[in-house]
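J.: I'd like to ask you about the structure that follows.
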Amino acid sequence: MRLLSTAITLFGVAVIIFVVIRVVPGNPIAMMLPPGATEADIARLQAQYGFDKSIFEQFTIWLGGVVQGDFGTSISLRQPVSALVLNRLPATLELSIVALVIAVVIGGTMALTGTRWRNTRKEGAIDVSTGMALSIPDFLWGLVLILLFGVLWPVFHISGRISPALDIDFTTNFYLFEALLRLRFDVLGDLIGHMFMPALALAIPLSAIIAQLLKQSLKETMHLDYVTLSRTHGYGEYHVITRDALPNAILPTLTLVGVQFTFLIGGTVIIERLFSYEGLGNMAIDAVINRDLPLIQGIVILFALIFTLVNLAVDMLYVVLNPRLRHA
């Protein structure tokens, strides 16, 4: 049933994006025409990309190709869309995963600290910090980080994914994971130096959400009977929070993290542009500027597929970790 729902969702996204980008004013063929192009040249290109047919016929042909893994040919880059998208996807996934790890570490630490020092000034300071982190969007955090650590104190790279001077021949586009597996710590350090600021900009607002929800769940759990019983056995507050309260309090946060991770991937569009990071989001902006309809469609469908798969994985993991649902 869930797979059917996923298929319907993807089909709906495909219909909406296909229709919307075709009713927007502008001719995507115009950028391909040389000076002095004739009407015959225009007609030839329109026929080549199928723009001479009705929207319904174009959609039917395109959807048939998508089912077979063919997303068409990019108008601006003259290359298969599937190859272009899959070439950039690893960079975006690595950036998103690193940002998620940073957000979980920061948010989890703040939640545990706020719970440990609840009803004190330290908890108030943490609440103020999370409120500030959440009120500022990720791209503004990116500008602040560029100013601090790229201009005033230049310790991180402010653009690109890897330094061109490095001598390494990657076999995949997952540079970070490949450098780690090959124990190339020089390359790993350079990649992290390029990735840290955009990942941190994405992570700060998400870490605030994680901290707020997890702290609230922990505070509610701390009043339950089994937690009180653990205290009577002489265990310290840190043991009670991490060993007894946290396993149950973390389940709602897990669902939130899964949902927010999809938004985090979507947020890479602006952040990648801001840091000139060679990922899928940066390519998406170029595709929109150039009105590259096949490339826009391929990127949106891939984003939608990632969103649905992540949500499906989170739902399955929630069932596995929740005994009440597992035995239902």
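The values are calculated or read from the model by the stated rules, or taken from the named source; none is laboratory data. Not measured: the values here are computed from a predicted model. Using ideal geometry, Cβ is built from the backbone for each residue, glycine included, and neighbour counts are taken over all protein chains shown. Heavy atoms of the whole protein, side chains included, go into the accessibility calculation; ligands, DNA and RNA do not. Shrake-Rupley method; radii C 1.70, N 1.55, O 1.52, S 1.80 Å.
J.: Mind listing the long-range amide H neighbours of Thr73? Cut-off is under 5 Å, sequence gap 5 or more, other chains count too, H placed in the peptide plane at 1.01 Å from N.
T.: Residues meeting the criterion, in which the H sits 1.01 Å from N, are Val81.
J.: When you take every Cα atom in segment 221-328, what is the radius of gyration, and what is Dmax, the widest Cα pair distance, in Å?
T.: Cα only, segment 221-328: 21.1, 67 Å (Rg, Dmax).
J.: Kirkwood Rh and Cα-based Rg: tell me the resulting Rg over Rh for segment 93-146, rounded to two decimals.
T.: Rg/Rh: 1.05.
J.: Roughly how tilted is helix 39-48, in degrees to the nearest 10 and between 0 and 90, from the longest Cα axis of the chain?
T.: 50 degrees
J.: Here's another thing I want to ask about it. Within segment 96-195, report the chymotrypsin sites (Phe, Trp or Tyr not before Pro) that DSSP leaves as loop and that have at most 16 other Cβ atoms within 10 Å.
T.: The qualifying sites are Trp117, Phe170, Phe174.
J.: What order do you get for 54-64, 70-80, 291-301 when each peptide is scored by the mean count of other beta carbon atoms within 10 Å, highest first?
T.: Sorting 54-64, 70-80, 291-301 by mean packing, highest first, produces 291-301, 70-80, 54-64.
J.: Further question on the same structure: P(r) tail for the chain, what percent of Cα pairs lie past 35 Å?
T.: Counting every Cα pair in the chain, those more than 35 Å apart make up 37 percent.
J.: Same structure, new question: Nearest 10 degrees is fine. How inclined is helix 280-289 to the longest principal axis of the chain, computing both from alpha carbons?
T.: The angle comes out near 40 degrees.
J.: Quick one: compute the contact order of the chain, relative version, from alpha carbon pairs under 8 angstrom and 6+ residues apart, as a percent.
T.: After rounding, I find 26 percent.
J.: For n ≥ 4 DSSP H runs only, could you compute -39500 (n - 2.57) per run for the chain, divide by its residues and tell me the 222 nm figure to the nearest 500?
T.: After summing the helix terms and dividing by the residues of the chain, the value is -23500 deg cm²/dmol.
J.: Okay, moving on. Checking a compactness column here: for segment 1-150, what do you get for Rg(Cα) / (2.2 N^0.38 Å), N being the number of residues?
T.: So the Cα radius of gyration is 1.64 times the expected 2.2 N^0.38 Å.
J.: While we're here: Taking the inverse of the average 1/r across all pairs of different Cα atoms in segment 83-185, what Kirkwood radius in Å do you get?
T.: The Cα-based Kirkwood calculation yields 16.9 Å.
J.: Next question. What aspartates and glutamates could a cross-link reach from Lys219, if we take a straight Cα to Cα line under 14 Å and drop same-chain neighbours fewer than 8 places away?
T.: Excluding near neighbours in sequence, the set is Glu123, Asp127, Glu237, Asp244.
J.: While we're on this one: Rounded to the nearest percent, how much of the accessible area of the chain (1.4 Å probe, protein heavy atoms only) is carbon and sulfur?
T.: Ligands and nucleic acids excluded, carbon and sulfur reach 68 percent.
J.: Could you give the Stokes-Einstein D for segment 177-224 in µm² per second, using the C-alpha Kirkwood radius, 20 °C, 1.002 mPa s?
T.: Diffusion coefficient, whole number: 161 µm²/s.
J.: In degrees from 0 to 90, rounded to the nearest 10, what is the angle of the helix 246-274 Cα long axis to the longest principal axis of the chain?
T.: 30 degrees
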